[in-house]
1. Connecting C-alpha atoms closer than 10 Å in a GNM of the chain, tell me which of Gly210, Gly141, Gly51 has the biggest fluctuation.
2. Please find the FRET efficiency linking Ser281 to Val49, where r is the Cβ-Cβ separation and R0 is fixed at 30 Å, and quote it to the nearest 0.05.
3. Note down the relative contact order for segment 181-264 as a percent, whole number, built from C-alpha pairs under 8 angstrom at least six residues apart.
4. Which FRET efficiency, nearest 0.05, do Asp92 and Asn70 yield, Cβ-Cβ r, R0 22 Å?
5. So what's the net charge close to Thr240: Lys and Arg +1, Asp and Glu -1, counting the other residues with Cβ under 12 Å from its Cβ?
6. I need to check one value: relative contact order of the chain, counting alpha carbon pairs closer than 8 Å and at least 6 residues apart, in percent.
7. Please name which of Ala273, Val291, Ala239 has its Cα lying farthest along the dipole of segment 224-337 towards the positive end, using unit charges on Cβ (Lys, Arg +1; Asp, Glu -1) and the Cα centre as origin.
8. Name the aspartates and glutamates eligible as straight-distance cross-link partners of Lys178: C-alpha to C-alpha under 17 Å, and not fewer than 8 places from it in the same chain.
Amino acid sequence: MPIATRADAAAAAQSLTTELGKVIVGQQQVVEQVLIAVSAGGHALLEGVPGLAKTLLISTFAGATRLTFNRIQFTPDLMPADITGTEIIREDRATGERQLAFLPGPVFAAVILADEINRTPPKTQAALLEAMQERQVSAGGQRRPLPAPFFVLATQNPIEQEGTYPLPEAQLDRFLLKIVVGYPTESDELEVLRRTTGRSGAGVQPVLSGEDVLAIQGLVRDTPIADAVARYALALVRATRPVADGGLKVIADLLRWGAGPRAGQALILCGKARATLHGRSYVGLDDIRAVVAPVMRHRLQPSYEAEAKGLNSDAIVAMILNTVQVPAAALEKDPAVAGALS
């Protein structure tokens, strides 16, 4: 049945979450954030130490959809053409004529798993940048569009530094969300041990098509947002700027630079996606607050002073959330927002 309403979108998200739960134990917040990124039409970067099922989560997600899927294992010797594709010479056996033909690379799929993306040099990382931003590949003098929907789900290891190439800020900014994958709880880890040391469990069934994903993305774009909530999202972003540009004095010395306008776009889009996946027709403050950390953590650069105090970007985001307030009078003017807060 085609997805036409937000209730349909919420039901589809629940079905997808159920399928993922057949393989992935716990990590509900991580799963929700991946679904938010996909519903908003953006890319996600999953960061966590080895063994936390980052790659398994993405491959399982692809298996629970009817979308084309390719995995790219990033290594130091990976070349740009290994991602985008290359031109080869083909000979017509009937005429003997030779001509150039484009052989598409693995990036020509709906779901791309960019595994250990920080283990390849900047030149190869840049080959993915055009695909992420423009949804196209320039090769052989032509612009070749990528399929729709299209999103990159990348993984990286935060603790291994030798042989890695940190992503440049321009590419980090192209990721809608940076999702931190933490250790499982004791009960979840016990369930992981039980599942993975016995016979294989139930297989994952595809429950979502490309048309379904595009329909959900359309509903997300159509979700209204009250002016007060949009201003709240803007205030959170501007709080990271220099004081002269509206930044907070309490964190001014903790940041080298703050978030740009793309962060505000991401906050509102992800807030709309969360509301849609919950079956609601409006964006509440809780939707914005729930996505602030994954939206902002990779768009802030802590200063040396912050690092000396042991404060990372997540700690600074928490300070911003505790400081930035929305005037109650502005909220009371909007019935939907007032209802959400009651």
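1. Taking springs between Cα atoms under 10 Å, the residue moving most is Gly141.
2. Values: r = 39 Å, r/R0 = 1.31.
E(calc), rounded to 0.05, equals 0.15.
3. Working: 36 pairs, mean separation 14.5, N = 84.
Computed value for segment 181-264: 17 percent relative contact order.
4. Values: r = 29 Å, r/R0 = 1.32.
After rounding to 0.05, the efficiency reads 0.15.
5. On the way: positive: Arg238, Arg241, Arg256, Arg297, Arg299; negative: Asp245.
Net local charge, Thr240 excluded: +4.
6. Working: 573 pairs, mean separation 75.6, N = 342.
For the chain, the relative contact order is 22 percent.
7. Ala273
8. Straight-line reach from Lys178, under 17 Å: Glu32, Glu47, Asp115, Glu116, Glu169, Asp287, Asp314.
Quick note: the coordinates plus some simple rules give every number you see, no bench work behind them. Only a predicted model underlies this, so the values are computations on that prediction, with no experimental measurement involved. Positions of Cβ are generated from backbone atoms using ideal geometry, with glycine treated the same way; all protein chains shown enter the neighbour counts.
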